[in-house]
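Heads up: the structure comes next, in structure tokens.
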Amino acid sequence: MAPLPNAALVQSPLQLYRYLLRCCRLLPTESIQQHYKHAIRQNFRVHADEDDPERIQQIIRRAIEDADWVLNKVRSPLKLMYTWVNFYIFSTAAEPEF
């Protein structure tokens, strides 16, 4: 499963770059967002001279998979935390009196 619905539409390096920067907006803190934006920019520069179409598609697929992994890694602890918070709030709430 891709992190954003438009992952299947990514075909060029520029589209990948924009897509990955949009994925960064889904990360929870500004510092984490800046870290991944920096890594995306560096990797874009490193692979800027790539001209083999197969290699470019391989890089695109791998980058989308990595973005999915990072977002799932970040979402899982947050989802677990919210589940426990909701459980605590609703289990300790006083019963309504009628």
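Values in this text are rule-based calculations from the coordinates and carry no lab data. Predicted, not measured: the structure shown is a model, and the values here were computed from it. Please note: Cβ atoms are built from the backbone with ideal geometry, for glycine as well, and neighbour counts cover all protein chains shown.
Applying 1/(1 + (r/R0)^6) with R0 = 25 Å to the Cβ-Cβ distance of PHE44 and ALA8, what FRET efficiency is obtained, to the nearest 0.05?
The value I calculate is 0.75.
Loop-only check: which GluC sites (Glu not before Pro) in segment 33-74 are DSSP coil with at most 14 other Cβ within 10 angstrom?
The qualifying sites are GLU50.
What is the calculated FRET efficiency for HIS35 to GLN15, with r their C-beta to C-beta distance and R₀ = 25 Å, to the nearest 0.05?
Calculated value: 0.65.
For an R0 of 22 angstrom, estimate the FRET efficiency from the Cβ-Cβ distance between ARG22 and ASP51 and round to the nearest 0.05.
0.30
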